[in-house]
Amino acid sequence: MSSKLKKAIIPVAGLGTRLLPISKAIPKEMVPVVDRPLIQHVVEEALEAGLDEIILVTRGGKSAVEDHFDGHYELEAELERKGKTALLEKLRAMAPPELKITSVRQDKALGLGHAIHCAAYLVQPDEPFAVILPDVLVKPAQGKTQADLKTMVEVFEQQQAAQIMVEEVPLERVNQYGIVDCQGVELKAGESASIVSMVEKPAPEEAPSRLSVIGRYILPGEIMPVLAQTQPGAGNEIQLTDAIAEIIAQGKPVEAFRMQGRTFDCGYIQGWLQANQQLGKEAGLL
Ligand code: G1P
């Protein structure tokens with residue numbers, strides 16, 4: 001895994017049932033968090049980490065997610081004519097020239113592993129890539145500026161080992177996440193340790209740890225053919241976790257990176273409201 005990390009796959013084909021009725025006619029990735037849609041926060045996180053080739057895995061009814069990153073000539077001309085330069089610059093900064101957005105379709109809802117595999121033909125066989133799940137916002141700790149994804153990319157570049165971002169959750173919540181087994185290593189925030197196995201949504205009594213996968217991954221291109229062979233697992237879905245467990249079993253180095261910042265799960269109403277309240281306050285808007 002030596003080629004440069006440039007690509008981030010962002011799956012956006014989900015139905016967003018946990019955000020209903022907000023997400024009935026608008027994609028859940030377009031709900032606003034403070035002053036911009038959720039997807040914009042996530043793409044900014046990717047850009048900050050040097051990932052400027054974004055691959056959206058999408059489906060019909062979600063074109064607003066792609067449209068959001070298009071230029072809007074009429075609007076820009078109008079803002080220019082009215083001399084609203086600050087707003088114009090803010091708008092243009094949302095899709096800087098280095099940002100390249102491609103989208104691929106997921107034609108069946110077969111799970112996260114299937115969604116990632118839909119982008120397989122856009123990734124070279126030995127090219128590492130990131131996966132970013134857009135429901136969860138990962139923000140630096142208050143008073144800090146560097147995002148965890150950027151740090152994790154730096155760790156990846158030093159270690160040349162796949163990285164999976166994790167945080168500790170209470171035992172009663174391990175059945176909502178992918179859980180990693182680092183053989184009991186005490187992982188401090190900002191550190192990485194080898195993963196020996198991974199399990200998707202284990203029962204608390206079967207969980208190998210309380211370190212949960214939060215939706216930021218750096219993976220080797222070699223995982224794509226493994227995903228193609230991965231059978232449905234937890235929830236009868238093709239799980240990314242199972243394919244990662246398989247590459248670990250094949251001897252590929254995979255590490256857990258313990259995040260330092262904060263997560264906001266915007267995939268359900270209460271978490272989304274909390275994100276707006278907290279981040280709105282920090283932006284001086286509330
Ligand atoms: C997915 C992953 C899971 C991960 C979680 C993070 O699950 O399969 O391993 O912990 O995202 O949000 P989902 O939330 O889609 O069920």
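Every number here is computed from the coordinates shown, using simple stated rules; none is lab data. None of the values given here were measured: they were computed from a predicted structure. For neighbour counting, all protein chains shown are included, and Cβ atoms are generated from backbone atoms with ideal geometry for every residue, glycine included.
Just check the range 1-135 against the gyration tensor rule for me: Cα atoms, a ≥ b ≥ c as the square roots of the eigenvalues, rounded for a/c under 1.5, and otherwise prolate or oblate depending on whether a/b exceeds b/c. Here the range 1-135 falls in the oblate category. Listed by chain and number, the lysines placed with their C-alpha closer than 26 angstrom to that of residue 84 are 281; residues fewer than eight positions away on the same chain are left out. The tail of the calculated P(r) for the chain beyond 27 Å holds 39 percent of all Cα-Cα pairs. Using Cβ point charges alone (K and R +1, D and E -1), the dipole size of the range 106-253 about the Cα centre works out to roughly 340 debye. A Cβ-based charge dipole, computed about the Cα centre of the chain with Lys and Arg at +1 and Asp and Glu at -1, lands at about 640 debye.
For residue 144, the aspartates and glutamates whose Cα comes closer than 19 Å to its Cα, not counting residues fewer than 8 places off in the same chain, are 44, 45, 48, 154, 167, 191, 282. For the range 102-117, the Karplus equation 6.51 cos²θ - 1.76 cosθ + 1.60, evaluated at θ = phi - 60°, returns couplings of 10, 10, 10, 9, 9, 8, 9, 8, 9, x, 4, x, 5, 4, 5, 5 Hz by residue, with Gly and Pro reported as x. Can you bin the range 136-265 into rounded, prolate or oblate? Criterion: square roots of the alpha carbon gyration tensor eigenvalues sorted a ≥ b ≥ c, rounded for a/c under 1.5, prolate for a/b above b/c, oblate for the rest. Oblate shape, in that a/c is at least 1.5 and b/c is the bigger or equal ratio. Candidates 179, 197, 208 compared by Cα position along the dipole of the range 173-214: farthest toward the positive end lies 179, with charges placed on Cβ.
In a fully extended conformation the segment linking residue 186 and residue 73 would gain 35.4 nm over its present Cα-Cα distance, using 0.36 nm per residue. Reported value for the range 1-72: 117 Å³ per residue, from the convex hull of its C-alpha atoms. With each label modelled as a point 7 angstrom along the Cα→C-beta vector, the residue 144-residue 98 pair spans 2.2 nm.
Here the Karplus relation 6.51 cos²θ - 1.76 cosθ + 1.60, evaluated at θ = phi - 60°, turns the backbone of the range 199-216 into coupling constants of 9, 8, 6, x, 5, x, 6, 9, 5, x, 6, 10, 8, 9, 7, 9, x, 9 Hz, with x for every Gly and Pro. Estimated at 0.36 nm per residue, the fully extended path between residue 66 and residue 273 surpasses their Cα-Cα distance by 72.1 nm. Rounded to whole Hz and in sequence order, give me ³J(HN,Hα) for the range 139-152 from the Karplus expression 6.51 cos²θ - 1.76 cosθ + 1.60, θ = phi - 60°, writing x for Gly and Pro. So the J values, rounded to whole Hz, are 10, x, 4, 4, x, 9, 10, 6, 6, 4, 4, 4, 4, 5. Under 5 Å from the amide H of residue 233 lie the amide H atoms of 238, 239, each residue being 5 or more positions distant or on a separate chain, with H modelled from the backbone and absent for Pro and chain starts. Ellipsoid fit via the Cα gyration tensor, the range 217-286: semi-axes of 35, 16, 9 Å, each the root of five times an eigenvalue, largest first. Partners of residue 6 within straight-line reach, counting lysines whose Cα lies under 17 Å from its Cα and excluding those fewer than 8 residues away in the same chain: 100, 150.
The simple Förster model, with R0 at 35 Å and r as the Cβ-Cβ distance, assigns residue 17 and residue 168 a FRET efficiency of 0.80.
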